[in-house]
1. Quick one: which residues, 5+ away or cross-chain, put their amide H under 5 Å from the amide H of residue 46? H built at 1.01 Å from N.
2. Positive end of the charge dipole of the stretch 2-144 (Lys, Arg +1 and Asp, Glu -1 on Cβ, about the Cα centre): tell me which of 51, 40, 19 has its Cα farthest that way.
3. When the helix-only estimate is applied to the chain (DSSP H runs of n ≥ 4, each -39,500 (n - 2.57), divided by the residue count), what is the mean residue ellipticity at 222 nm, nearest 500 deg cm²/dmol?
4. Which of the peptides 113-119, 135-141, 89-95 is most tightly packed, and how do the rest follow, judged by the mean count of other Cβ atoms within 10 Å per residue?
5. Set the bar at 27 Å for Cα to Cα. Now go through 45/128; 27/128; 36/86; 66/86 and name every pair that lies beyond it.
6. According to a simple spin-label model (label point 7 Å from Cα along Cα-to-Cβ), what is the distance in nm between residue 55 and residue 104?
7. Report the gain in length on full extension from residue 127 to residue 65: 0.36 nm times residue separation, minus Cα-Cα distance, nm rounded to one decimal.
Amino acid sequence: MVLNDQIFPSHSKIPRPPVSLLEFAGKLKAAQDGLKTSSVDLIVKLDGIRYYGISGIKERIRIASKLGVEKILIGHLETNSITELKNRISLADIGLAQDNELISRSELEQAEPAFIIATAASLICQKKIGTELVSRLEEIQYEKI
């Protein structure tokens, strides 16, 4: 399960402001409590780099680590933030989200993250499938008339 740090309602393509540090810790704790008896892994997605910068990323990583969250994903990166992120934070155990269509996978790979999740491509695929489904349902409805 991917849990981001945006205010409600969160959005995968358009960055929203982050929750406060206290709310962030509360969201993590609630998710962990809900997943205690589950085999689902929790991945924390930090989307607010444009709001809180690298220092905010570090603070949220520290909080997540303190609460025992091991999988962290950083999203909503901009081209100029990738190099700074790589220079200031070890990404050996942290993933990057490819949710900005202006940043290629190879650019993200240069930062040497633990993993990359192509969320932008996934959203495009979901939209296409949704459109096809609606179209097919409309065809079926028309055939009944």
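No value in this document is a laboratory result; all are computed from the given coordinates. As the structure is a computational prediction, the values presented were derived from the model and not from experiment. Reconstructed Cβ throughout: ideal geometry from the backbone, glycine too, with neighbour counts over all protein chains shown.
1. Under 5 Å from the amide H of residue 46 lie the amide H atoms of 73, 74, 75, each far enough along the sequence or on another chain.
2. The one lying farthest along the dipole's positive direction is 19.
3. -17000 deg cm²/dmol
4. 113-119, 89-95, 135-141
5. The pairs that break the limit, which is 27 Å between Cα atoms, are 27/128; 36/86.
6. Result for the modelled spin labels: 3.5 nm.
7. 18.9 nm
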